[in-house]
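J.: Pasting a structure below so you can have a look.
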Amino acid sequence: MTKVKRIPLPGSRVRGSISGRPVMALFDLLGRRWSLRILFELRDGAQNFRALQASVETISPSILNTRLKELREAMLLEAGPDGYVLTGPGRALLERLLPVAAWASEWAAMLAKTAALPPLKGRAASTAGAAVRRR
């Protein structure tokens, strides 16, 4: 018999919280491999499965299917006629995360100046700033 995994729900035991605080349930969901990346890739609009898989680069089809199902159950995205798209709550969440992406770019630049890590290249260097400018 296959055990069915559930999405983390506020009020239920989740990673990091026995009582299931809402923020911990969200962190549990978003902390699953590729979840944040999928949401971020949908920031500009709908993408079908193949386009989303190409955007996320190395994700396997089975993991992508699982994450899409979880994010739909969490009401953060939905399947529309043009592909997967963020819902109102999904877009609101992403808007709240964009300042964190901008902060992360500043932090990476600061670390690069101290030689703690190599400078960002290509898309990674401009993604967070571009996302914040779109708002």
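The values are calculated or read from the model by the stated rules, or taken from the named source; none is laboratory data. Please read these numbers as outputs of a predicted model, since none were measured by experiment. Side chains are part of the model used for accessible areas, which takes the heavy atoms of the whole protein and leaves out ligands, DNA and RNA. Shrake-Rupley method; radii C 1.70, N 1.55, O 1.52, S 1.80 Å.
J.: How much of the accessible area of segment 26-109, probe 1.4 Å, is carbon plus sulfur, in whole percent?
T.: It is 59 percent, rounded to a whole number.
J.: At 1.4 Å probe size, put M75, M110, M24 in order of accessible surface, largest to smallest.
T.: M75, M110, M24
J.: Using the alpha-carbon centroid of each, what span in Å lies between segment 1-80 and segment 82-105?
T.: 13
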